[in-house]
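To start, the structure under review is shown below, and the notes come after it.
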Amino acid sequence: MAEHIFECLARERGITVEEMRAIISARIEKGWNDPNPEKQAQWRKIPCAGEIPTPDEWLRYTVEKIKADGKAELLRRYFK
């Protein structure tokens, strides 16, 4: 699942999967360190094994949240 979505996102942007993961990692780090405590709290809801979520942990959380919110149709193009 995770690799498939990262591959789709990378292909859509014309970049490698590694570049896509680096972009996601940078966004996670930016959100994690955001000066706004509310934004930090949102990022800290993501379960992670280490100090900060990995792209795979972020994706797992995001997909579960989308499904829980009843918006699974948004994921249709990534799950063929």
Candidate set: region 68-80, residues that are surrounded by fewer than 13 Cβ atoms within 10 Å (Cβ to Cβ) and either of a type in the set (Ser, Thr, Tyr) or assigned to a helix (DSSP H, G or I) (or both); chosen: the one modelled with the highest pLDDT: 68
Selection within region 10-54 - more than 19 Å from residue 64 (Cα to Cα), in a helix (DSSP H, G or I) and of a type in the set (A, V, I, L, M, F, W, C): 10, 17, 20, 22, 23, 26, 32
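The values are calculated or read from the model by the stated rules, or taken from the named source; none is laboratory data. No experiment lies behind these values; they were computed from the predicted model shown. Don't worry about glycine lacking a Cβ; one is built from the backbone with ideal geometry, like all the others, and counts go over all protein chains shown.
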